[in-house]
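The structure appears below as structure tokens.
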Amino acid sequence: MSILFQLKRNYPFSCICIAIVWALSLTPIFPETPLDNVDFIDKWTHLAMYGGTCSVIWIEYLYRHKVADKKKLLTWAWLTPVLMGGLLELLQAYCTGGHRNGDWLDFGANTLGCTLAALTGFAFCAITKR
């Protein structure tokens, strides 16, 4: 069985969240909304997208495993989404034909979202003795 098939079967919601993040990150143009007037709405969106995605990864992992392997969780539920966020910012900067911009502050918001989700996950593991 291939690794991708196993990931889709064992972590379907995580895969869906990751696909949504990729699609939203590489969509050329978004329509204007009333939320465009909110200060730093783009950064809040990045924080929510990556925090939510990392939270879903944590939840699915903890659902599937009775004992949490903290090294695996740190790698797959924090580091990998952070690196994905950096890759997507580079792709936005260099591969979207000027329709999207890569932004270091977006990358910082991505990392902060992942970090908050990981801290919450580690706190949950400590409370439940996993």
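With every protein chain left in place, what is the accessible area per residue of the chain in square angstrom, probe 1.4 Å?
66 Å²
Under the classification rounded if a/c is under 1.5, otherwise prolate if a/b is larger than b/c and oblate if not, where does the chain fall, given a ≥ b ≥ c as square roots of the Cα gyration tensor eigenvalues?
Taking the square roots of the gyration eigenvalues as a ≥ b ≥ c, the chain is prolate.
Which listed residue (Ile41, Leu88, Thr53) has the Cα farthest towards the positive end of the charge dipole for region 1-96, taking +1 on Lys and Arg C-beta and -1 on Asp and Glu C-beta about the Cα centre?
Farthest towards the positive pole: Thr53.
So what's the back-of-envelope 222 nm ellipticity for the chain, counting only DSSP H runs of four-plus at -39500 (n - 2.57) apiece and dividing by all residues, rounded to 500?
-23000 deg cm²/dmol
Note down the nm distance, to one decimal, between modelled labels 7 Å out along Cα→Cβ at Thr120 and at Asn101.
So the label points at Thr120 and Asn101 sit 2.9 nm apart.
Using the Karplus equation 6.51 cos²θ - 1.76 cosθ + 1.60 (θ = phi - 60°), what ³J(HN,Hα) coupling, rounded to whole Hz, does each residue of region 91-104 give in order, writing x for Gly and Pro?
Per-residue couplings from phi come out as 5, 5, 6, 10, 10, 10, x, x, 6, 10, 10, x, 9, 5 Hz.
Taking 0.36 nm per intervening residue step and subtracting the Cα-Cα distance, what contour gain separates Leu83 from Thr27 on full extension?
Net length gain for the segment: 18.2 nm.
Report the local net charge at Ser14: Lys and Arg +1, Asp and Glu -1, summed over other residues whose C-beta lies under 15 Å from its C-beta.
Once all neighbours under 15 Å are counted, the net charge is +3.
Calculate what fraction, in whole %, of the accessible area of the chain sits on carbon and sulfur atoms when a 1.4 Å probe is rolled over the protein chains.
72 percent
Whole angstrom only: what separates the Cα centroid of region 111-130 from the Cα centroid of region 1-57?
19 Å
Using label points projected 7 Å from each Cα along Cα→Cβ, tell me how many nm separate Trp44 and Asn10, to one decimal.
3.7 nm
Mind checking which lysines have their Cα closer than 27 Å to the Cα of Lys66? Skip sequence neighbours fewer than 8 apart in that chain.
Qualifying lysines at Cα under 27 Å: Lys8, Lys129.
Where Lys and Arg each count +1 and Asp and Glu each count -1, what net charge lies around Trp44 among other residues with Cβ under 13 Å from its Cβ?
-3
If contacts are Cα pairs under 8 angstrom and at least 6 residues apart, what is the relative contact order of the chain in percent?
34 percent.
I need the trypsin sites (Lys or Arg not before Pro) found in region 5-78, filtered to DSSP loop residues with at most 14 other beta carbons within 10 Å of theirs.
Lys66
The values are calculated or read from the model by the stated rules, or taken from the named source; none is laboratory data. Only a predicted model underlies this, so the values are computations on that prediction, with no experimental measurement involved. Neighbour counts run over all protein chains shown; Cβ positions are idealised from the backbone, glycine included. Accessible surface areas use protein heavy atoms only, side chains included; no ligands, DNA or RNA. Shrake-Rupley method; radii C 1.70, N 1.55, O 1.52, S 1.80 Å.
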